[in-house]
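One structure is given below, encoded as structure tokens.
The values are calculated or read from the model by the stated rules, or taken from the named source; none is laboratory data. As the structure is a prediction and not an experimental result, all values here were calculated from the model. Glycine also receives a Cβ, built like all others from the backbone with ideal geometry; neighbour counts cover every protein chain displayed. Just so you know, the surface numbers come from the protein's heavy atoms only, side chains and all, with ligands and any DNA or RNA stripped out. Shrake-Rupley method; radii C 1.70, N 1.55, O 1.52, S 1.80 Å.
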Amino acid sequence: AQRDWHSLASGRAAAKSRRARRRSLRAAPGTDRRAGRSTSLLPCPRQRAPAMVANDIEALVARLRGPGAGDQAVAAITLAQLACDNASLCAPIVAAGALQPLAEVLRSGSEVGKACAAAAIARLACVAGLPIVATGALPPIVELMRAGTDNGETNGAWAIGQLARFASLRALIVAAGALPPLVELLRAGTENGKTNAAIAIGQFAQDAATRALIVAAGALPPLVELLRSGPKICKTNAAFAIGELAEDAPTRALLVTAGALPLLVELLRAGPEKAKASVAFLLVRLATEMQHEITALRTGRDALAEGFESSRRSLARPQRGTT
């Protein structure tokens, strides 16, 4: 069959036009960079009067309460973008009553809606840690990390890490079961998921009572593996988490045994500048731990040698005969 070259050329031109449109959308603020679709209902808040932004926030909260799953998702991600573009809007968004409908979307929304709601929760956590927990949002966020989409797991870990910045909330978050899915994300999540999980683990590890639970949950091997083969940002955040966990001497010994020392040396040599100071401090602590082990081995060696020498002298001493 003869090809219709005109139709083929038209199809290529249309495809090229669609690609150009996607590129322009990706470059614009308030767009979904993966899908090339606009996800924001609003222009940049810096371009709008405060009263107009307040009206927009109220309208978005109303859409969160609406029945449409698509409306809920777009409203949630738009609120997250507003809070990202202007941190001073976090408190007005909370005051407008956004937290409870966001928690409802986390519980019963679509998969996209849940991921968007978790992103909004992460943005608002800086001003509303305890109110977020009071809405009952922790269980659905933990479930999102356990069984959500890649974006859902990543945003869930982000939200947990932001909430864990509040020392008073860490025990509640751990009791909600956040540690096992965070460790699983360290093992098998996306790059962003691993990064967010490492940050969250580092936040939890600032509590002495939680460090042992983190180690018991199996976080050390995947953290060391991130140091070995993860992207640069993952290595930096894994070093942060390991540095917090290394407050405990038994954990330092486990890290040395797991081979973290040469990996940290390499990170100190070729890692980002902002991470080098903390990595250097961590290396000193691990080297001190190794020195203690070496001293203990030398003490044991000397005691063993002394015991052998004492036995040799005893055997070499002439035995007095009996009559």
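A few points about this structure:
- Selection of first residues in region 248-274 that are farther than 19 Å from I214 by Cβ and of second residues that are among the small types (G, A, S), restricted to Cβ pairs under 7 Å at least 6 apart or on distinct chains, gives the following pairs, ordered by first then second residue: L267/A239; L267/A275; L268/A280.
- So G161, is it modelled with pLDDT of 95 or more, within 20 Å of G68 (Cβ to Cβ) and either of a type in the set (D, E, K, R) or open to solvent by less than 10 Å² (accessible area, probe 1.4 Å) (or both): no
- Filtered residues of region 257-281 (kept if surrounded by fewer than 16 Cβ atoms within 10 Å (Cβ to Cβ), of a type in the set (A, V, I, L, M, F, W, C) and within 13 Å of L227 (Cβ to Cβ)): V265, A270
- In a residue-by-residue description of region 261-271, the property of being acidic (D, E) and at pLDDT below 90 applies to at least one position.
- If the condition is being open to solvent by 30 Å² or more (accessible area, probe 1.4 Å) and within 19 Å of the chain's Cα centre (by Cα), then region 105-131 contributes K114, R123, C126.
- The single condition among (1) out of contact with any helix residue (DSSP H, G or I) (no Cβ under 9 Å at 6 or more places or on another chain); (2) within 16 Å of R285 (Cα to Cα) that A253 does not satisfy is (1).
- Taking region 176-232 as the region of interest, the helices (runs of 4 or more DSSP H) fully inside it that hold 3 or more residues being open to solvent by 10 Å² or more (accessible area, probe 1.4 Å) and either free of Cβ contacts under 8 Å to residues at least 12 places away in the same chain or closer than 21 Å to L267 by Cβ (or both) are 191-204, 220-229.
Quick grid of which residues meet (1) open to solvent by 20 Å² or more (accessible area, probe 1.4 Å); (2) within 27 Å of S168 (Cβ to Cβ); (3) not β-branched (V, I, T):
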{"position": "D56", "(1), (2), (3)": "yes, no, yes"}
{"position": "L60", "(1), (2), (3)": "no, no, yes"}
{"position": "A73", "(1), (2), (3)": "no, no, yes"}
{"position": "D85", "(1), (2), (3)": "yes, no, yes"}
{"position": "A103", "(1), (2), (3)": "no, yes, yes"}
{"position": "V133", "(1), (2), (3)": "yes, yes, no"}
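- Some residue of region 123-143 being free of Cβ contacts under 8 Å to residues at least 24 places away in the same chain and closer than 23 Å to D71 by Cα: yes
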